[in-house]
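Contents: one structure, followed by commentary.
Just so it is clear, none of the values below were taken in a lab; they were calculated from the coordinates. Please read these numbers as outputs of a predicted model, since none were measured by experiment. Glycine gets a Cβ as well: all are built from the backbone with ideal geometry, and neighbour counts include every protein chain shown.
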Amino acid sequence: MIFCEECGSVCYRRTSKNRKGEYNYYGCGCRQRNGPGACDNGASVREDLLMERIKRTYEEVFADADSIIEDAIEEARKLMQSNRGELQRVRGQIGELDKKIGSMTRLLVDPDIDATAKRAVSRQVGELEAERERLQNAVAELANDANDNTARLAGAVRQALTEAQESLATVATPTEMRDFIEQYVGPMVLKPNGDIERKGLETLAETQTAPAEAGAVKRSIAGTGFEPATSRL
């Protein structure tokens, strides 16, 4: 689905005929319904050329799959760095708990402390031990994630690329191409200069630290870019 960058409306498809044939164009739906005064975005994009550009872009991506996988691995490494910081923080908490447990354990053997107080201290020690065990489990989980993440993500991205390539190979009609775009490209925006780009690309780049395989593939398409401008379509 394509959205107008200016007003956010869905871009509607309209048909235009000339001596060369019949073509479908996408343009701002608000502008088409209410006239030029409703939205300043007068750009349009020809459907067949847009789909051909997306197809070529994916073929370029498939030809450079190793580069995409390397990018995904680099993202995994960044996540591992984040995990290392979290590991240090959790281990620091465990160290503090060990100090508290040690102090309370000494109270339990102090002959000057009565039995009631010792029972209260014993309960607190039990609670601290339970918290320590929880943190130790968190450390083990973070360590395993750091070790497994790179290989797992590389395999997932390679699998997603294979599935996308197989899906594209079966595309035979405009409807099938639109279904492919919906699954592997996602929403797009039509800019006033006629360019097309993925919708929400900046947000995705800023917020997604450990991408799912489909997300990594979609970002690779966005990185390759869509080129069509109104004057060329």
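Okay, here's what the table says:
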quantity	calculated
Residue 127-residue 175 pseudo-label distance in nm [points 7 Å out on the Cα-to-Cβ vector]	6.5 nm
Approximate spin-label separation residue 162-residue 137, in nm, with each point projected 7 Å along Cα-to-Cβ	3.5 nm
Candidate aspartates and glutamates for bridging to residue 99, where Cα separation is under 18 Å - those fewer than 8 sequence places away on the same chain excluded	110, 127, 129, 131, 133
Those lysines that a straight Cα-Cα span of less than 22 Å connects to residue 191, excepting residues fewer than 8 apart in one chain	55, 199, 218
